[in-house]
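Below you'll find the structure, written out as structure tokens, and then a few comments.
The values are calculated or read from the model by the stated rules, or taken from the named source; none is laboratory data. It should be emphasised that the depicted structure is a prediction, and the values quoted were computed from it without experimental measurement. Please note: Cβ atoms are built from the backbone with ideal geometry, for glycine as well, and neighbour counts cover all protein chains shown.
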Amino acid sequence: MKIAAPPRSALVSTVLACVAAAALAALTAYSVTVLGYFDSAHPTALVLCTVGLWALFALAILALRRVPTRPAIAIVLIGSALIGGAAMAGPPNTSTDSARYAWDGIVQNAGISPYRYVPVDDALGDLRPEWLFPAPLENADGTHRCIEPRTHKTSSVPSGIPLCTALNRSKVPTIYPAAAEMFFAGVRFVTGPSAEYWPLQLTGLLMSIAITAMLIVALRRRNLDPRWAALWGWSPIVATEAITNSHIDILGTLLALVATLLVARGLRFRGGIALGAAIAVKLIPVIAAPALLRRQPWKVIVASIVTFAVLYIPYVLSTGIAVLGYLPGYLSEEGYNNGSRFTLLTLFVPKTASLAVAAVLLLITAVLVWWKTNPDAPWLGQLIMIGTTLLIVSPRYPWYALLLVPFIALSGRWEWFAVPLALTVRLLIPNHGVSQVAIATAIVVIVAMALYRTGLEGRARLRHPVRLLRGASRS
């Protein structure tokens, strides 16, 4: 039997999608190999490159919409691997967090709790690899300097010996929760202390591809468009923050997605275990919880609390209350204790009141999400809860938005990419006024699209009331 050739427009769209994905990979590789470590005093090059990446991403997604489903799935998976592999072409370019991850793993594999000592403590001197603690150069006047772009000058305690280190906040204990610390130790157990940034980049790539595959399967099971998985797999924020900069948020995102898919299938105990593990990675995935509590919430809550507690047992036994690490200090440092960090809220309320206002807004959002979420398809509720939280809290770090992206893909609500874009602007252009405009613009885009979608649904009801009523009765 002769197979009909695909329409010309489909072939053109397929070629265009492939070319755009390849261009995304090439520009990603360029950004991490040529531009080097981000200099906030001269941000233009990376800002322009980031604009180019997001423009190519939009073009690739538009082209992919017209590609037939089967080849589109293959293109999405291959593109995810290609773009992610390109993101490994160079070391981290906007963050040094993965240096701390590596150090915490090295310390644990030496049999020491990561919460016990600060990294520059003399007790850990024998564990310091050269790539994390390069020797400082002595100036003519006897002072010292660091020449590596990712390092800064510090000193060992209590001896005061001059050091250079790639670790940020090297004089405070680690902030990362138990599941994250176990992950760090596992990676370094396999690779040893001398491997530099690539082990965490590789694990980020593998987790990113796994999420892409999970999204494709989940979308197909629910008769949704599997092309939406490219909203995760090809996203510049995933390539940059999950792979190049290897943020541990990728692990929390993977576990939160697993929890969501399990709960949606009615497997609430298992979903609660995955949710508890996600929260034990970086606490932030707790905001994914309200949408998972519509039916039999006690199963999810009990399983997640027990899992979280069990993961902490070895660290509590070895270090006690010190497992809190630098978390209280971090919240104070970021301005959440006095309200100064709430970028947009401070336009309308005093800084002293913004923390209380933010808490009330988040509580209202959580209650509405819990009340309105469809328990068989909770991702729209999670999208609203996570996205709204990020807009209200307005963190300086775009990698916090990794948690949002899988739920953009599952719901197809592309307009919520305005949130990670606004946070990216905040990182690359650290100006308070620019940040306020970026976050306000994100809100306008999201609200405008919500009104537009509501209008479309209303017109559809008027045109096909019988069909919609039958669909509602089936659901």
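Across region 328-351, the qualifying residues are those that are at pLDDT 70 or above and either basic (Lys, Arg) or surrounded by 13 or more Cβ atoms within 10 Å (Cβ to Cβ) (or both), and the one among them that is farthest from Tyr176 (Cα to Cα) is Val349. Taken as a whole, the structure places Ile175 among residues that are of a type in the set (A, V, I, L, M, F, W, C), buried (at least 19 other Cβ atoms within 10 Å of the Cβ) and at pLDDT below 95.
Cβ-Cβ contacts under 9 Å between residues 6 or more apart (or on different chains), taken from a first residue in region 47-59 that is at negative phi to a second residue that is assigned to a helix (DSSP H, G or I) and charged (D, E, K, R), are absent.
Of the listed requirements (1) modelled with pLDDT of 95 or more; (2) among the aliphatic types (A, V, I, L, M); (3) buried (at least 20 other Cβ atoms within 10 Å of the Cβ), Val444 misses just one: (3).
Of the listed requirements (1) surrounded by fewer than 19 Cβ atoms within 10 Å (Cβ to Cβ); (2) in contact (Cβ under 8 Å) with a residue 24 or more places away in the chain; (3) assigned to a helix (DSSP H, G or I), Leu35 misses just one: (3). When Ala140 is tested against (1) free of Cβ contacts under 8 Å to residues at least 40 places away in the same chain; (2) within 25 Å of the chain's Cα centre (by Cα), just one condition goes unmet, and that condition is (2).
Listed by first and then second residue, the pairs linking a residue in region 436-452 that is closer than 16 Å to Ser394 by Cα to a residue that is among the β-branched types (Val, Ile, Thr) and surrounded by 11 or more Cβ atoms within 10 Å (Cβ to Cβ), with Cβ atoms under 8 Å apart and 6 or more places separating them unless they lie on different chains, are Gln436/Thr343; Ala438/Val425; Ile439/Thr343; Ala442/Val419; Ile446/Val419. The set of residues in region 113-130 being hydrophobic (A, V, I, L, M, F, W, C), farther than 24 Å from Ile313 by Cβ and part of a loop (DSSP other than H, G, I, E, B) consists of Val120 alone.
Annotation note: Cβ proximity below 9 Å between a residue of region 297-315 that is touching a residue at least 60 places away in the same chain (Cβ under 8 Å) and closer than 24 Å to Asn109 by Cβ and a residue that is of a type in the set (D, E, K, R) and crowded, with 16+ Cβ neighbours inside 10 Å (sequence gap 6+ or interchain) occurs for Tyr315/Glu181. Looking only at residues in region 228-240 that are touching a Gly at 6+ places or on another chain (Cβ under 9 Å) and part of a helix (DSSP H, G or I), the one that is surrounded by the fewest Cβ atoms within 10 Å (Cβ to Cβ) is Trp228.
Name the pairs: first residue in region 98-117 and under 20 Å from Trp131 (Cα atoms) and touching a residue at least 24 places away in the same chain (Cβ under 8 Å), second residue surrounded by fewer than 18 Cβ atoms within 10 Å (Cβ to Cβ) and polar (S, T, N, Q), Cβ to Cβ under 7 Å, at least 6 apart or on different chains? From region 98-117, the pairs are Arg100/Asn168. Of all the listed residues (Ile243, Ile287, Ile248, Ile279), the sole one being in contact with a Lys or Arg (Cβ under 8 Å, 6 or more places away or on another chain), crowded, with 24+ Cβ neighbours inside 10 Å and hydrophobic (A, V, I, L, M, F, W, C) is Ile248.
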